[in-house]
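> Below is one structure. I have some questions about it.
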Amino acid sequence: MFLALIAGSCQAQAGLSQEEAVNRALRSRASLRAEGARIAAAEGLKKQAALRPNPEFQFQNENLRPGQTYSRDVDTLAMINQPLDVLGKRRQRIALASDSVSRTQAEYELARWQIAQSVKLAYWTARGAQEVREVLKSTVENFQKIIDYHAAQLSAGAIAEQDLLRVRLEGERLRISANLAAIEANRTRIELLKQMGQTDFAEVVLTEPLALDASVTPLGIEQALAQRFEIKVARAALEQSKTNGKLQDISARPDLNVTYGYKRTQLPDTQAGVNTAIVSLRVTLPTADRNQGNRLAAQAEVRRQQELLAAAEAEVRADYFGAVQEYEARRSELLNSLQPFREHAANISGIAAAAYAEGGTDLLRLLDAERARLDAEMAWTRGLVDYRQSIVRLEAAEGVSQ
């Protein structure tokens, strides 16, 4: 009954290839949209860094005393103060903000790449579980014919009841395995849809062929280092830290402020006044605070990012050589071990079935041969899944985006 429900639902399922799964994930994942929003935030900070400081307006009265007439005895000042950014601080702030945008964009591309790889791995896990489910479902259906045959033989008195019971027991074992495989296929399908950022978890049929028809040629470690997004992020972080170090050095320079204004001074015991222009220049004197702490912190951050870049490169090298060796080992296992094993098991199963039909062997040998064939088929399927995932890991180690 459980397998019948699964089979009925499969008829209405939509097909899904690996490429479609990745594309849907890149469109649907909320975490990726959140990473994209960080780029917009960095662009806003870059725009803010390019803005010049606002001027200040100052209105001031002098000689305010009791008993005075405001219009006759009080001096009036109106001034505009403008901070000047002419010593390179603004230019370096803009450079730092630009580096921040570059780093954020690199981190966004890294997030896209990581999502694509996780979806690919989940796809092949689910594809393998789907294949196992279908193989066991087909095996259960075919074995039911053997059960029916032995039931007819028992009715005709050609075999002992014990043989029918053995066949039925084997059929129950296969049915239990098929039900468990269906549950596993459903679990891996849900995990795939989760990695794709889906919320409806609709039924799908994974359409990529599970066959030994794909191969890749390793690109080489230098190209992998050039393409890996972790390296791009680490290099962008290093450039950002260097730019911040320059900014902290420049921040030790004096701050300049120019003031231009107007002053009206009332002449004593008269209704007349004198209008005067005011111009001043203020300069901070970096005597105690020369930004020493921030400069030391920036230098330490540069050293830290250099070490992180070296660590990222070492990790990429290990990932790449490990992925190459795994890919070659998986392919060799399929060609030299699992493929001959599968063919031999299928031949033995066919021979045992023919011999049993002719009365040349007993039931136990037939069941053993059928179990060996099924085990070989399961091993072949798992080997293909591992092989396709090794391709995904090798492409990931090389920095292939999709």
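The values are calculated or read from the model by the stated rules, or taken from the named source; none is laboratory data. In this text the structure is predicted, and so the values were computed from the model without any measurement. All Cβ positions, even for glycine, are placed from backbone atoms using ideal geometry, and neighbour counts span all protein chains on display.
> Where residues in the range 197-237 are charged (D, E, K, R) and free of Cβ contacts under 8 Å to residues at least 12 places away in the same chain, which of them is surrounded by the most Cβ atoms within 10 Å (Cβ to Cβ)? First the steps, then the outcome.
At the first step, the residues of the range 197-237 found to be charged (D, E, K, R) are 200, 203, 208, 213, 222, 228, 230, 232, 235.
Okay, now just the ones that are also free of Cβ contacts under 8 Å to residues at least 12 places away in the same chain, so 200, 213, 222.
Details: Asp200: 5, Asp213: 6, Glu222: 8.
Per the criteria, the residue is Glu222.
> Of the residues that make up the range 346-357, is at least one part of a helix (DSSP H, G or I) and either in contact (Cβ under 8 Å) with a residue 40 or more places away in the chain or in contact with a strand residue (DSSP E or B) (Cβ under 7 Å, 6 or more places away or on another chain) (or both)? Steps first, answer last, please.
Within the range 346-357, the subset part of a helix (DSSP H, G or I) is 346-357.
Filter once more, keeping what is either in contact (Cβ under 8 Å) with a residue 40 or more places away in the chain or in contact with a strand residue (DSSP E or B) (Cβ under 7 Å, 6 or more places away or on another chain) (or both): none.
Within the range 346-357, not a single residue is part of a helix (DSSP H, G or I) and either in contact (Cβ under 8 Å) with a residue 40 or more places away in the chain or in contact with a strand residue (DSSP E or B) (Cβ under 7 Å, 6 or more places away or on another chain) (or both).
> Also, quick follow-up: I'm checking my understanding of the structure. Among residues of the range 135-164 that are among the hydrophobic types (A, V, I, L, M, F, W, C) and out of contact with any Leu (no Cβ under 9 Å at 6 or more places or on another chain), which one is surrounded by the fewest Cβ atoms within 10 Å (Cβ to Cβ)? Walk me through how you get there before you give the answer.
Step one: list which residues in the range 135-164 are among the hydrophobic types (A, V, I, L, M, F, W, C), which gives 135-136, 140, 143, 146-147, 151-152, 154, 156, 158-160, 164.
Restricting the remaining residues to those that are out of contact with any Leu (no Cβ under 9 Å at 6 or more places or on another chain) gives 152, 156, 158.
On the way: Ala152: 12, Ala156: 8, Ala158: 11.
Among those that are among the hydrophobic types (A, V, I, L, M, F, W, C) and out of contact with any Leu (no Cβ under 9 Å at 6 or more places or on another chain), it is Ala156.
> Shifting gears a bit: Kindly list the number of the only condition in (1) in contact (Cβ under 8 Å) with a residue 40 or more places away in the chain; (2) over 19 Å from Asp375 (Cα atoms) that fails for Ile190.
If we test Ile190 against (1) in contact (Cβ under 8 Å) with a residue 40 or more places away in the chain; (2) over 19 Å from Asp375 (Cα atoms), just (1) comes out false.
> Now, a different point. Could you please find all residues in the range 203-251 being of a type in the set (A, V, I, L, M) and either modelled with pLDDT under 90 or in contact with a Cys (Cβ under 8 Å, 6 or more places away or on another chain) (or both)?
Residues of the range 203-251 that are of a type in the set (A, V, I, L, M), as a first pass: 204-206, 210-212, 214, 216, 219, 221, 224-226, 231, 233-234, 236-238, 247, 250.
Within the range 203-251, Val205, Leu210, Ala211, Leu212, Ala214, Val216, Leu219 qualify.
> Something else now. Run Glu326 past the list (1) touching a Lys or Arg at 6+ places or on another chain (Cβ under 7 Å); (2) closer than 30 Å to Leu367 by Cβ; (3) among the charged types (D, E, K, R) and report the number of the one that doesn't hold.
For Glu326, the failing item is (2).
> What pairs come up if the first residue lies in the range 295-322 and is over 18 Å from Ala396 (Cα atoms) and assigned to a helix (DSSP H, G or I), the second is modelled with pLDDT of 95 or more and of a type in the set (Ser, Thr, Tyr), and their beta carbons are under 8 Å apart, counting only those six or more places apart or on different chains?
Final answer for the pair search is Ala298/Ser241; Glu301/Ser241; Val302/Ser241; Arg304/Ser241; Gln305/Ser241.
> Something else now. Would you check if there is a residue in the range 194-207 being of a type in the set (Lys, Arg), touching a Leu at 6+ places or on another chain (Cβ under 8 Å) and not in a loop (DSSP other than H, G, I, E, B)?
no
> Oh, and also: Could you list, in sequence order, the residues of the range 303-314 that are under 27 Å from Gln223 (Cβ atoms) and either among the aromatic types (Phe, Trp, Tyr) or exposed (fewer than 14 other Cβ atoms within 10 Å of the Cβ) (or both)? Break it down stepwise before answering.
In the first step, residues of the range 303-314 are kept if they are under 27 Å from Gln223 (Cβ atoms); the result is 305-314.
Hits for the range 303-314 are Glu307, Ala310, Ala311, Ala314.
> State all residues of the range 24-35 that are surrounded by 14 or more Cβ atoms within 10 Å (Cβ to Cβ) and not polar (S, T, N, Q); if no residue qualifies, say none.
Step one: list which residues in the range 24-35 are surrounded by 14 or more Cβ atoms within 10 Å (Cβ to Cβ), which gives 24-26, 28-29, 32, 35.
Correct list: Arg24, Ala25, Leu26, Arg29, Leu32, Glu35.
> Same structure again: Is it the case, given these coordinates, that Gln162 is over 31 Å from the mean Cα position of the chain (by Cα) and more than 27 Å from Gly36 (Cβ to Cβ)? So that I can check it myself, show each step before the final result.
Working: over 31 Å from the mean Cα position of the chain (by Cα): yes; more than 27 Å from Gly36 (Cβ to Cβ): yes.
Here the answer is yes, as Gln162 does meet what is asked.
> How many residues are β-branched (Val, Ile, Thr) and within 27 Å of Asn257 (Cβ to Cβ) when one looks only at the range 50-74? Break it down into steps so the answer makes sense when it comes.
If we filter the range 50-74 for residues that are β-branched (Val, Ile, Thr), which is where we start, we get 69, 74.
Narrowing further to those that are within 27 Å of Asn257 (Cβ to Cβ): 74.
Final tally of qualifying residues: 1.
> Determine, yes or no, whether Ala126 is more than 17 Å from the chain's Cα centre (by Cα), farther than 30 Å from Leu366 by Cβ and buried (at least 20 other Cβ atoms within 10 Å of the Cβ).
Working: more than 17 Å from the chain's Cα centre (by Cα): yes; farther than 30 Å from Leu366 by Cβ: yes; buried (at least 20 other Cβ atoms within 10 Å of the Cβ): yes.
Yes.
> Applying the selection to the range 286-302, what residues are of a type in the set (Lys, Arg) and either over 36 Å from the mean Cα position of the chain (by Cα) or loosely packed, with under 11 Cβ neighbours inside 10 Å (or both)?
From the range 286-302, those of a type in the set (Lys, Arg) are 290, 295; that's our starting set.
Hit for the range 286-302 is Arg290, nothing else.
> What helices (runs of 4 or more DSSP H) lie completely within the range 1-54 and have 3 or more residues being modelled with pLDDT of 90 or more, among the charged types (D, E, K, R) and within 19 Å of Glu109 (Cβ to Cβ)?
Values: elements: 2-10, 18-28, 30-50.
So the answer is 18-28, 30-50.
> Taking Thr188 as the residue in question, decide whether it is part of a helix (DSSP H, G or I) and under 38 Å from the mean Cα position of the chain (by Cα). If you could, list the steps in order and put the result at the bottom.
Details: part of a helix (DSSP H, G or I): yes; under 38 Å from the mean Cα position of the chain (by Cα): yes.
Spelling it out, Thr188 is indeed part of a helix (DSSP H, G or I) and under 38 Å from the mean Cα position of the chain (by Cα).
> To continue, here is another question. Of everything in the range 45-93, what is among the β-branched types (Val, Ile, Thr), over 16 Å from Pro268 (Cα atoms) and surrounded by 15 or more Cβ atoms within 10 Å (Cβ to Cβ)? Give them in sequence order. Before the answer, list the steps.
Of all residues in the range 45-93, those among the β-branched types (Val, Ile, Thr) come to 69, 74, 76, 80, 86.
Now drop any that are not over 16 Å from Pro268 (Cα atoms), which leaves 80, 86.
Across the range 45-93, there are no qualifying residues.
> Separate question: Going by the structure shown, is Asp362 modelled with pLDDT under 90, surrounded by fewer than 20 Cβ atoms within 10 Å (Cβ to Cβ) and among the acidic types (Asp, Glu)? Spell out how you get there, then give the answer.
On the way: modelled with pLDDT under 90: yes; surrounded by fewer than 20 Cβ atoms within 10 Å (Cβ to Cβ): yes; among the acidic types (Asp, Glu): yes.
Spelling it out, Asp362 is indeed modelled with pLDDT under 90, surrounded by fewer than 20 Cβ atoms within 10 Å (Cβ to Cβ) and among the acidic types (Asp, Glu).
> Here's another thing I want to ask about it. Restricting to the range 238-272, count the residues that are free of Cβ contacts under 8 Å to residues at least 24 places away in the same chain and among the acidic types (Asp, Glu).
So the count comes out to 1.
> Show the residue pairs meeting these rules: Cβ distance below 8 Å; 6+ apart or different chains; first residue within the range 375-388 and over 17 Å from Ser138 (Cα atoms); second residue of a type in the set (Lys, Arg) and part of a helix (DSSP H, G or I).
Hits for this filter: Gly383/Arg330; Val385/Arg127; Asp386/Arg330; Tyr387/Arg330; Tyr387/Arg331; Arg388/Arg127.
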